[in-house]
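The values are calculated or read from the model by the stated rules, or taken from the named source; none is laboratory data. Because the structure is predicted, anything quoted here is derived from the model rather than measured. For neighbour counting, all protein chains shown are included, and Cβ atoms are generated from backbone atoms with ideal geometry for every residue, glycine included. Only protein heavy atoms, including side chains, enter the accessible area calculation; ligands, DNA and RNA are left aside. Shrake-Rupley method; radii C 1.70, N 1.55, O 1.52, S 1.80 Å.
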Amino acid sequence: MRLSCIQILSRKRIDNSKFELRILDKRQIKWISQTVNFIRNDEGLVEGFLAIAKDITESKNASLRLELYSKQRLVFSDFLRELSIFQSNSLSEFLVHVCEKGSGIIDALNVCIWFNDGDSIKLLSSKEGEVESGVDAVSITKTDAAEFFNNLNAGIPISIVDTAVAGLLPRLKEDYIIPKNIKSIFAAPIRAGGSVWGIVSFESIGIQRDWTEQETSFAKSLTEIVSSNIQLDIRRTIEKKIQESEANFRLLNETIDDVFWLMDLNTKKVIYISPSSKKVLGVDPVEFYHTNNYWQNYILDADKPGIIEAHKAIHVQGYYEIEYRITIENEIRWIAEKSFGIRNEAGEFIKSSGICTDITDRKLKETIIEKQNFDILSSISYAQRIQYALLPDLTLLKGANIDSTIYYKPKDIIGGDFYWFDQVDDKLVVAIGDCTGHGVPGALMTSLGINGLINSVTEQKMTDPASILTYLDAYIFRILTTGNPSDQVKDGMDITVLTIDIQNRSLLFASAARPLISVLDGNITRTEGNRKSIGSSILNEKYVTIELDYVKDMNLFLFSDGMVDQFGGDRKKRLGSKNFYALCLELAQLESTEREKGLETFYQKWAGNVNQTDDMICLILKLK
C-alpha cells in the first residue's frame, strides 16, 4: 500500500508530500505519518525518493477519541433534549421510551430501568417494553446484596467493568447477565420523593467497556430526567386521589350510620360531613359548616385533652384513632373516631378524612365483660389463697434437720403442681405432684391429690411409697369415674413420693411417671419409677418401692415436667433434660439459701420474652 501511494504521488509530480497510514505491528494497529520528497533527473523523471516516517499512534488515537467524544456528546445532548419534551400518557410509557431510544445510541449499549420496593430491586422496563412482575422476575434482594443497597441508598453509582470477575449474585448471573451477554454495567440511582426509587442501568452487550466520564455523566443526567417524570407522576396520582376522595365523600349514602367527614387542615373548616351526623353525633351538618364547634362543645371535658392531642398528631403522623364520650339529650354516648391525612405534592398534610362510629353498645358490653372478668379474677385469687393454704409449712422440713429449697411457680394464678409432706413417727414422707392441666382444672386436681395424701399418710399412717401411690391411684380413679363410661374423666397426675427415715438414715422411693435426680460429689444419678400415672387405666402395673442409699450431703431433686419443658434460649427451644441436669449440678454447689434465687435467675434468663410454658415446681433436699 505504501508503494502504491508513492507511485500515485510520483505520477502527479507532487513533491514534499505527507500522508498517514495504518500498519499492523505485532498484532497491534499503529498509525504512521510519512513525508516523501522525490529525486528527479534533468528531464524531470523520478529516479528515487527520500521518505521520513513517524509513529503518530498516540496522537492519532487521542484525536479519534476527541472526535468520538464530540459525536457522543452531541448524541447524548440530542437524546436528553428529546426526553425533556417527550409527552407520554403514563409513567410506564415514558420509562419504556427511555429504554427503547436509549439503547443503541452508542455501540452495544442496552438501557434498563429497575424499581426499588425496599426489600429488592426488580427489573421494570427494558427496550423490549415493560417487564411483567412476579415470582420469576429478575431481582436483587436486600438480604443477598446488602453492600449494593447501602451504596444505592447513599446515592453512590455502581460501576462494573468486567461482569465475569465482579462479585455478582449467582442467580443474577445465570438468569440475566450470561443470557444477555452483558460484559460491563453502570448503574445510577434514581431519587424521587426523598428516597431511592430505583436505578438506570447501562449494560454493555458483548463488549467489555471502561465507562468514560462522559458516559457516566450522561447516565446521571438521564436519572435526573427520569426522576422529574416520576415526581410528576406522583403529583398527578396525589391530585387524582384527592379528587376521588372528595367525590366519594359526597356520594356516601345517607342511610349509612357512620359519619364521614373531610376537613381543610389549614382553615380548620369542615368541607363535607355526611347527613348521619345528626343521628350519630346529635349535631346537624349545617352546624359543622357554620360553626365547627363539635369537638369543643359536645365532648366531655375529661376526654377533650385526648382529642386535642389527636388533632395535633394528624399534622405530623397523618393518622389518629381515639375513643371519647359525648352528651346527647343528657345521655352519654361513646364515639370511635379515626382520621387519615391527605398530602399535597410537597408531601404536606393539607386535608384530613375521618369517620365517627357510635360504639356505645360495644362499650356497655365491654363494661359487663370487665365486671365478669373482675369477678372471675377475684374468685381465682381467692382460690389461690385456698390452694396455698393446702400446701404444708416448710418449717416441718427444717424441724426434721433437712436443708430444703422449694421453687414453686404456677403458670397462672393457680396451678396444677403441688408439694406435700408430713411426718409419721421418725419417717418424713415427701411428695411432688404434677396434675393434668394447669389453671383452674389443674388446681382442682391438686386438691384431690393433697386430700388423698392426707387420707393415706396423715390418717392411715402409710409410709411405704408404693402403698401410698396404690391408694392414691384407686382414690383418684374412684372419684373421677362416673356411671356413664362416655363421661369418664381421663385426668390424673404424675407424682414422686420419697420416705426419709430420719432415725435409721434410709430412703424409700416410688413414683408415677416422674424421675428422681440425686447429686453427690459432682456426680448425677437418675432413678426411674413406674411409668403408670395416677388415675390412668392404660397401664396395668403395680407400683414398686425402691430403696436408695442414704448418704450425707447428697442432694435430691424432685420436680415436675414444667422445669424441663420451658421454651427459651437463643433458638427458643425446649430446655430439655440435659440442660436441666447441668443446672442441678450447679445448684448442688450452692447454699440452700441461694438455690431458689439461682433457679429464678436461670429461668428468667432462659425464657427471656417467652411466656411460661407450664406450671413449674422443684423441691431440693440436702441430707445431713
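Quick look at the numbers
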| quantity | calculated |
| --- | --- |
| Burial order of peptide ranges 289-296, 614-621 (average beta-carbon count within 10 Å, highest first) | 614-621, 289-296 |
| Centroid-to-centroid separation of the stretch 256-314 and the stretch 550-569 [C-alpha atoms, Å] | 63 Å |
| The stretch 400-498: trypsin sites (Lys or Arg not before Pro) in DSSP coil with no more than 13 other Cβ atoms inside 10 Å | Lys461, Lys490 |
| Stretch gain in nm, segment Asp257-Lys173, where the contour uses 0.36 nm per residue and the Cα spacing is subtracted | 24.4 nm |
| Protein-only accessible surface order, largest first, of Thr601, Thr496 at 1.4 Å | Thr601, Thr496 |
| Reachable lysines from Lys30, criterion Cα separation under 16 angstrom, eight or more residues apart if same chain | Lys54, Lys60 |
| Average accessible surface area per residue within the stretch 465-611, 1.4 Å rolling probe, Å² | 54 Å² |
| Potential extension, Asp210-Asn504 segment - 0.36 nm per residue separation minus Cα distance | 96.4 nm |
| Approximate spin-label separation Lys398-Ala108, in nm, with each point projected 7 Å along Cα-to-Cβ | 9.0 nm |
| Count of Lys pairs (Cα-Cα under 29 Å; at least 8 positions apart or interchain) in the stretch 321-416 | 10 |
| Label-to-label distance, nm, for residues given as Thr458 and Ser577 (7 Å Cα→Cβ offset) | 3.4 nm |
| Solvent-accessible surface ranking, highest first, for Phe477, Phe218, Phe86 at 1.4 angstrom | Phe477, Phe86, Phe218 |
| Whole-percent carbon and sulfur share, accessible surface of the stretch 419-469, 1.4 Å | 51 percent |
| Highest to lowest packing among 385-393, 364-372, scored as the average C-beta count within 10 Å | 385-393, 364-372 |
| Modelled label reach - Arg343, point 7 Å along Cα→Cβ, the stretch 258-297 residues with backbone N closer than 17 Å | 265 |
| Net length gained if the chain between Glu591 and Gln87 were fully extended (0.36 nm per residue, minus Cα distance) | 173.0 nm |
| Overall form of the stretch 527-619 per C-alpha gyration tensor (a/c, 1.5; a/b vs b/c) | oblate |
| Part-to-part distance (alpha-carbon centres) for the stretch 160-211 and the stretch 351-373, which is given in Å | 55 Å |
| Packing rank of 590-598, 468-476, 499-507, where each peptide gets the mean count of other beta carbons within 10 Å, highest leading | 468-476, 499-507, 590-598 |
| For percent of Cα pairs over 35 Å apart, calculated from these coordinates, the label among [x] 56; [y] 69; [z] 51 | [y] |
| Thr291/Asp119 FRET efficiency (R0 35 Å; Cβ-Cβ; nearest 0.05) | 0.10 |
| Phe260 - accessible surface, heavy atoms, 1.4 Å probe, Å² rounded to 10 | 50 Å² |
| Computed [θ] at 222 nm, deg cm²/dmol, the chain (DSSP H ≥ 4; -39,500 (n - 2.57); rounded to nearest 500) | -11500 deg cm²/dmol |
| Dipole in debye (nearest 20) - the chain, about Cα centre, beta carbon charges: Lys, Arg +1; Asp, Glu -1 | 2360 debye |
